[in-house]
1. What does the accessible area of Leu181 come to, in Å² to the nearest 10, when a probe of 1.4 Å is used?
2. Let me know the charge dipole size of the chain about its Cα centre in debye, to the nearest 20, where only the beta-carbon of Lys, Arg (+1) and Asp, Glu (-1) is charged.
3. Once neighbouring chains are kept in place and the probe is 1.4 Å, which whole percent of the accessible area of the chain is contributed by carbon and sulfur?
4. Please compute the per residue accessible area over segment 115-198 with all protein chains in place, 1.4 Å probe, rounded to a whole number of Å².
5. With angles folded into 0 to 90 degrees, how steeply does helix 172-196 sit against the dominant principal axis of the chain? Use alpha carbons for both and round to 10.
6. Just reorder Lys265, Lys288 by solvent-accessible area, largest first, 1.4 Å probe, all chains present.
7. Under Stokes-Einstein, with the Kirkwood radius over Cα pairs standing in for Rh, what whole-number D in µm²/s applies to segment 158-317 at 10 °C and 1.306 mPa s?
8. Send over the per residue convex hull volume for segment 8-90, Cα only, as a whole number of Å³.
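The values are calculated or read from the model by the stated rules, or taken from the named source; none is laboratory data. Predicted model only: the values in this text are computed from it and were never measured. A quick note on method: Cβ atoms are made from the backbone with ideal geometry, for glycine too, and the neighbour counts reach across all protein chains shown. We work out accessible area using only protein heavy atoms, side chains counted, and drop any ligands, DNA or RNA first. Shrake-Rupley method; radii C 1.70, N 1.55, O 1.52, S 1.80 Å.
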Amino acid sequence: MLSSLLLGIFTFVQLNCENLFDCRHDTLKQDTEFLPEGSRHWTHGRYWRKLDNISRGIVACGMDGREWTLPDMVALCEVENDSVMHDLTRRSLLRGAGYEYVMTCSPDVRGIDVALMYSPFSFALINHFPIRIKPFKGMRPTRDILYVSGRVVTGDTLHVFVVHAPSRYGGEKATRPYRMLVAERLGMAVDSLRRLSHEPNIIVAGDFNDEAADKSLVMLQDMGLSDVSAGASGCNGAKGTYKYRGRWSSIDHILISKSVKKWFKDCIVNDEKFLVEDDERYGGIRPKRCYTGYKYVGGYSDHLPLRARFVLLKDTE
């Protein structure tokens with residue numbers, strides 16, 4: 001007779017960091033606005049404050065009532081380069097956490113990438129590589145999809161994809177094909193895994209710049225991926241991860257395969273009070289971002305973190 005042994009809670013966080021740039025110019029990228037002499041006057045002091053703010057947001061995702069543990073895995077969007085991730089994991093408030101990371105080096109013209117930060121105590125890295133999105137005519141190069149595989153404490157292999165799909169700048173309808181292209185390429189990668197392994201354990205996370213009912217997310221859900229973040233809300237009034245002109249939306253997502261659903265516990269938007277502020281124009285609250293327009297306000301991000309928890313069980317006789 002089979003029974004299940006509880007091995008622990010696995011906490012997964014997804015966060016768009018909102019322009020986590022360093023203060024150095026990359027001559028191959030359009031990053032001049034985030035330099036000390038640039039339009040945003042991005043100084044070393046502001047950079048280090050941003051790193052510590054992002055760290056605080058991640059640490060807060062480990063809270064559960066009176067109990068606290070560090071998140072096991074964090075999918076990040078809008079991080080500029082390896083130097084930024086080194087500073088975040090080795091020189092910020094997270095420096096004692098022991099996090100490791102992998103990331104992409106995409107052809108995005110601004111130089112922003114995606115990364116996966118993980119605790120080596122709960123995830124043993126096996127492999128990782130970027131998945132390049134080949135743009136069609138008239139489309140700017142976009143972020144690579146990051147693929148990562150490793151073993152969790154049950155001994156099972158976990159496959160993770162981190163996505164940052166093209167924005168809606170220029171109009172939702174006009175840019176929809178760009179996001180569909182990313183979703184289709186992601187779908188191909190998921191199908192490849194399924195051909196190699198029966199019911200692989202898959203988590204897909206990132207900023208899709210689409211909501212759960214939009215075509216790109218519907219396509220992924222039709223492929224058997226469950227959007228466990230659909231409808232997620234916060235404890236302090238957040239009804240999504242992003243707020244624009246008074247309307248909450250959920251453009252950040254965590255999707256899981258059928259085999260991971262047996263572990264799934266819950267998913268929330270982390271709207272801790274220090275991550276939000278009063279929305280004086282539209283009412284309620286909004287994410288406490290780093291800039292309002294070009295005015296520096298010293299906040300965290302224009303997105304709130306998603307936190308999903310999984311109960312890791314191992315079958316025993």
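1. About 40 Å², ignoring ligands and nucleic acids.
2. 460
3. About 51 percent, which is the carbon plus sulfur part of the accessible surface.
4. 51
5. The answer is roughly 30 degrees.
6. Lys265, Lys288
7. D, rounded to a whole number, is 94 µm²/s.
8. 102
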